Amino acid sequence: MVTAREGAEVTVDDKDEWTGLAIEPGQILEVFMGSTSYDVVSDVWAAFFVTEVQTDIDGSYTIVAHYFACEEEALANELSKDFGRVQARLHLCLSRPCMDTSEEKRLHVTRLRVWSWDTFKTTDYVPKEMLAQVKKWQKELKKGAKAPERLEPSAKKLRKPALKTPASPATPGGVGGSGLTEEMNR
C-alpha cells in the first residue's frame, strides 16, 4: 500500500496515491474545502482528527473524525456549528463527481493532506484551546485501543461440578434412542 509523504497533497485524480492512502486513527486529515461537498467557494483547508477508518463496499473510505480547525474564521464558525458536537464522516470519493449513493450524511472529499499530530500542531491556524482537546482525543484513542482486561483466576466464576452423574448418556431423539429418530425411519 502506498503511503503518502506527510503533508503531501493527494487528490482523487491521482488514482494510485488516492486508493493507496494509509490513514490511521490519530492522524490529522487536512481537507481542501473548495473541492468538497460542503457549500463553500473558499480555497481554504480545514483540519480533522481521525478516530476511525472504515472501508466501504466500493473500496472507498469513510473517515470518522473530529473537526478542530480551519484557515478562514468565517468558515471555521460554520464548520464548528455543523461538526463541533458530533464526529464528522468524511467520504474519500473515488471519482469526481462522487458516485456514492449512500443516504448517510457525509462530507465528500477529493483533495487532502495527511499529517501526524506532532508535525501539524504548530500550524498557525490551530486555535490554542484545541491543543488540549486533541490531547484528550489521543488519550481516548489509546484507552479504546487497549485489550480488555482479563479477570484474575480468583475473580472468575467457577462452575460447580454436577452432584450426580447421568444414568445413561444423552442420545439424539430422546431417551434410549427412540422418539423422533424411529418415527423418521418409518
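Derivation of every value follows stated rules applied to the coordinates shown; laboratory data play no part. Treat the numbers as computed from the prediction; the structure is a model and nothing was measured. FYI the Cβ positions are ideal-geometry reconstructions off the backbone, even for glycines, and counts take in every protein chain you see.
Summary table
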{"quantity": "Net dipole in debye of the range 9-145 [+1 Lys, Arg Cβ; -1 Asp, Glu Cβ; about Cα centre; nearest 20]", "calculated": "700 debye"}
{"quantity": "The range 9-145, Cα convex hull volume normalised per residue, Å³", "calculated": "115 Å³"}
{"quantity": "Residue exposure sequence - TRP45, TRP117 - by fewest surrounding Cβ within 10 Å", "calculated": "TRP117, TRP45"}
{"quantity": "Relative contact order of the range 9-145, defined on C-alpha pairs under 8 angstrom at six or more residues apart (%)", "calculated": "28 percent"}
{"quantity": "Efficiency of FRET from Cβ geometry, ASP56 and GLU140, R₀ 22 Å, rounded to 0.05", "calculated": "0.35"}
{"quantity": "Given charges at Cβ of Lys, Arg, Asp, Glu: the range 9-145 dipole, positive-most of SER95, VAL50, TYR38", "calculated": "VAL50"}
{"quantity": "Cβ-derived FRET efficiency at R0 22 Å, VAL86 paired with GLU129, nearest 0.05", "calculated": "0.70"}
{"quantity": "Which of ARG85, ARG5 has the fewest Cβ neighbours within 10 Å, and the rest in rising order", "calculated": "ARG85, ARG5"}
{"quantity": "The range 9-145 - share of DSSP beta bridges that are antiparallel (%, nearest 5)", "calculated": "90 percent"}
{"quantity": "Fewest-first sequence of MET33, MET99 by Cβ atoms within 10 Å of each Cβ", "calculated": "MET99, MET33"}
{"quantity": "With 5 Å bins from 0: P(r) over the range 48-129, alpha-carbon pairs, percent", "calculated": "3, 13, 23, 23, 20, 11, 5, 1"}
